[in-house]
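The values are calculated or read from the model by the stated rules, or taken from the named source; none is laboratory data. Not measured: the values here are computed from a predicted model. In this analysis, Cβ positions are derived from the backbone assuming ideal geometry, glycine residues included, and neighbour counts consider all displayed protein chains.
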Amino acid sequence: MENEVKKSIFYRAYMTTVFTGISTTILTMLYDLVIVDLFNFPSYAMINVATLIFFVNILFLAIGFIYYGFISLFKKGDIFFTIVSILLTVFLVWEAEAHTVNMQFRDLLTGIIIIIGIAASLAIPFLFHNKKFEEYIL
C-alpha cells in the first residue's frame, strides 16, 4: 500500500515554477548560443550563459510567489495570471523593440523575452494542472 501525501497548493505552484524556470533557462541558453553562433552576433556582456542562469532562475522564483498569489486570491487565478503574463510579455517585447539601438541585441533580447513569456504564461498553468506532472515530477 502506497502512502500518498497530499501536496499543498503552495508547494505545487512553487515547484512547478522552479521546474519551468530550469527548463526555460536551458531553452534561453540554447537560443543564445544558437543565435550568437549562427548569425555571428558579438558576445554581449549583459546576455550570456552565466547571466541567463542566474536571471531566469531568480525571475522564476519570484514568478512562483506571484502565481501562488493569483491562484489563492482569485477563483480563476490561473486565467488571470495567464492574461497578465501575456500582456506583460507583449509590453516588454514592445519596449525592447522601441528602445534598443543595436538590432542584433534587440533580436536576442526579444527572443529571450518571448521564451520566458511563453513559459511563464502557458507552461506554468498547464503543468500545475497536469496530474501526471504532479505524480511523476513533483
Region 82-112: number of residues that are touching a helix residue (DSSP H, G or I) at 6+ places or on another chain (Cβ under 9 Å) and either closer than 15 Å to Gly21 by Cβ or of a type in the set (Gly, Ala, Ser) (or both): 4
Yes/no for Ile63 being in contact (Cβ under 8 Å) with a residue 12 or more places away in the chain and closer than 25 Å to Ile137 by Cα: yes
Qualifying residue in region 118-133 (condition: out of contact with any helix residue (DSSP H, G or I) (no Cβ under 8 Å at 6 or more places or on another chain), within 30 Å of Lys7 (Cβ to Cβ) and among the polar types (S, T, N, Q)): yes
Hits in region 80-138 - residues which are of a type in the set (D, E, K, R) and in contact (Cβ under 8 Å) with a residue 12 or more places away in the chain: Glu97, Asp107, Glu134
Any hit, region 23-31, residues being touching a residue at least 60 places away in the same chain (Cβ under 8 Å), over 21 Å from Arg106 (Cβ atoms) and in contact with a helix residue (DSSP H, G or I) (Cβ under 8 Å, 6 or more places away or on another chain): yes
Enumerated helices (runs of 4 or more DSSP H) restricted to region 21-138, each holding at least 1 residues that are among the aliphatic types (A, V, I, L, M), at pLDDT 95 or above and more than 23 Å from Ser8 (Cβ to Cβ): 49-73, 77-99, 103-118
Residues within region 1-20 that are of a type in the set (Val, Ile, Thr), more than 19 Å from Ala119 (Cα to Cα) and modelled with pLDDT of 90 or more, tallied: 1
